[in-house]
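Peer 1: Supplied in structure tokens, the structure appears directly below.
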Amino acid sequence: MNLLQIAAEEEQNPLVPPMPELVIGLIAFLIVFALLAKKLLPRINEVLEERRAAIEGGMEKAEAAQIEAEQTLDQYKAQLAEARHEANRLREEAREQGAALIAEMRAEGQRQRDEIIAAGHAQVEADKKTASLALRQDVGTLATELAGRLVGESLEDHARQTRVVDRFLDELEAKAAAQSGTKAEAGA
Amino acid sequence: MSAADTTLAFDASCKIFVDGGCGFQSPGLHSFIFKPMFEIGGFEFNKPILLALLTTGLLCLFFWKAFASPKVVPGKLQMVAESGYDFVRRGIVYETIGKKEGEKWVPLLVSLFFFIWLMNLWSIIPLAQFPVTSIIAFPAALAGVVYVTWMTLTFKRHGFVGGLKNLTGYDKSLGAVLPLVMLIEFFSNVLVRPFTHAVRLFANMFAGHLLLVMFTVATWFFMNSWGFAYAPVAFVLVMVMIVFELFIQAVQAYVFVVLSASYISGALEEAH
């Protein structure tokens, strides 16, 4: 505490505060303090708070928008996947349906063809039968009629018939022979 | 401290290499005593007082211009003031005391910082060229404000006994040395603290001003015949010291406010 003793002894002591300066310094500081504490700093604090709120509000808004966008994107993706799935399902179904349809139509065609063929066969068979029946009847009648008309006599009598037929056949043979003979002479 | 017997500045006619002239007039305590500009009933109005009042005026003007009608999107002046305000608020108060408890003390510490800084800055401002804080009365007044603040706060927060425990660093686990520790703590916290708080600022600015004056006077003193060879050396040192002082002024203002904040923080601390 030597310093303080020296300070007390000397008149021009830099460590002993002169009263006027002490008071003036105090007042000078208190004026600045009062103005800042009571008036200016509350104002700037308010504005800083406002700015902080504005910035954070903006950030919150941006965050909300981001979340919403992500949600929408997810929704779209889900919808897209669903639609793709649905389309696949439909395509598969259509393919199955088509295949079934084709198979069915093929079976139907086969069946119709078989039917037509069977009907044709039956028709042909029936026609053949009718024809051969009719032919058989007609051939006898026609042949008899023709023969009757040709020989000009009744062939009721079997013997006569036989003779007539034999004669007819002989004639035919002779005719044929004669014809071949003339043909041979003419050829010679 | 009357003004009549003060030696003012130095004799400008004192030069080197002048036969029978005066020698180098080194600066001293007299460099910190000013002739009163005028007197009102024994009250002497001098240069430090003028500068102190100018400090108040300029600070009020600056912060009024900057913060009177603040905008969410700040102008240039508001931005500068805001960054200074933010520096003290976040850089000192929140760091030392904490955000929750510290907010209340922001105005005091912000005012202190800028007030002290500008008081220091006068040291290198042309025409003023005198750090007001190198007159012990001004740091003492400010340290007194801080001392009263944290002492009041200590007793308000902890009550009389709790406050005393806080001030003396009462800690049962110390056992036998507790009385000694309490004595030392009380001495250091209650008696010495305000003194060191004020003198730290005062002495730094005092010494800085002495150096500046010495090199400035030396530059002038050398400016005669062969002395011109030496003058530039002194002059360069003046420049160097100005830059150095610029740094010290800010640092001392910072240190003063950080200490104030830590004293307040100590007062708020729960007793161990």
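Derivation of every value follows stated rules applied to the coordinates shown; laboratory data play no part. Keep in mind that this is a model prediction, so the values were computed, not measured. For neighbour counting, all protein chains shown are included, and Cβ atoms are generated from backbone atoms with ideal geometry for every residue, glycine included.
Peer 1: Can you give the average number of partner chain beta-carbon atoms within 10 Å of each beta-carbon in peptide B:45-52, as a whole number?
Peer 2: Averaged over the peptide's residues, the number is 3.
Peer 1: What number do you get for chain B when its Cα radius of gyration is normalised by 2.2 N^0.38 Å, N = residues?
Peer 2: Relative to the rule-of-thumb radius for its length, chain B sits at 1.24.
Peer 1: Run the dipole for segment B:29-268 about the Cα centre, Lys and Arg Cβ at +1, Asp and Glu Cβ at -1, nothing else charged, and hand back the magnitude in debye, nearest 20.
Peer 2: Using Cβ point charges on Lys, Arg, Asp and Glu, segment B:29-268 gives about 540 debye.
Peer 1: Rounded to the nearest 20 debye, what is the charge dipole size of the protein assembly as shown about its Cα centre when +1 sits on each Lys and Arg Cβ and -1 on each Asp and Glu Cβ?
Peer 2: Values: 40 positive and 49 negative charges, 360 e Å.
Charge dipole, the protein assembly as shown, about its Cα centre: 1720 debye, nearest 20.
Peer 1: At A:ARG163 and A:ALA69, where each label point lies 7 Å from the Cα along Cα→Cβ, what is the point-to-point distance in nanometres?
Peer 2: 13.0 nm
Peer 1: Quick check: pseudo-label points 7 Å beyond the Cα along Cα→Cβ at A:GLU93 and B:SER26, how many nm apart are they?
Peer 2: Simple spin-label model gives 11.0 nm for this pair.
Peer 1: Could you put B:MET205, A:MET105 in order, starting from the residue whose Cβ has the fewest other Cβ atoms within 10 Å?
Peer 2: If I rank by nearby Cβ atoms, fewest first, I get A:MET105, B:MET205.
Peer 1: Just to be sure I understand: if I project the alpha-carbon convex hull of segment A:16-175 onto a plane and average over all orientations, what area do I get in nm²?
Peer 2: Numbers: hull surface 108.8 nm².
Averaged projected hull area, Cα only: 27.2 nm².
Peer 1: Have a look at B:VAL72, B:THR152, A:THR182 and report the one farthest towards the positive end of the charge dipole of the protein assembly as shown, computed about the Cα centre with Cβ charges (Lys/Arg +1, Asp/Glu -1).
Peer 2: B:THR152
Peer 1: Further question on the same structure: Can you show me the helix-derived [θ] at 222 nm for the protein assembly as shown, built from DSSP H runs with n ≥ 4 at -39,500 (n - 2.57) apiece and divided by the number of residues, rounded to the nearest 500. Kindly include the intermediate steps, with their values, before the conclusion.
Peer 2: Working: 12 runs with 326 residues, N = 460.
That comes out to -25500 deg cm²/dmol.
Peer 1: Residue farthest toward the positive end of the dipole of the protein assembly as shown, with Cβ of Lys/Arg at +1 and Asp/Glu at -1: which of B:PRO232, A:ALA99, B:LEU210?
Peer 2: Result: B:LEU210, furthest along the dipole toward the positive end.
Peer 1: Kindly put A:ASP114, B:ASP86 in sequence by how many other C-beta atoms sit within 10 Å of each C-beta, fewest to most.
Peer 2: A:ASP114, B:ASP86
Peer 1: Further, regarding this structure: Just how far, in whole angstrom, is segment B:197-219 from segment B:54-90 if you go by their alpha carbon centroids?
Peer 2: A separation of 29 Å, based on Cα centres.
Peer 1: Say we join alpha carbon atoms closer than 10 Å with springs in a Gaussian network model of chain B; which of B:LYS76, B:LYS165, B:LYS156 then has the biggest fluctuation?
Peer 2: Residue with maximal mean-square fluctuation among B:LYS76, B:LYS165, B:LYS156: B:LYS76.
Peer 1: What whole number of Å gives the distance from the Cα centroid of segment B:223-267 to the Cα centroid of segment B:125-163?
Peer 2: 22 Å
Peer 1: Let me know the mean shielding of B:130-141 by other chains, meaning the per-residue number of their Cβ atoms within 10 Å of its Cβ.
Peer 2: The shielding value for this peptide is 5.
Peer 1: With unit charges on the beta carbon (Lys/Arg positive, Asp/Glu negative), name the residue among A:THR144, B:PHE244, A:ALA53 whose Cα is farthest towards the positive pole of the charge dipole of the protein assembly as shown.
Peer 2: Of the options given, the answer is B:PHE244.
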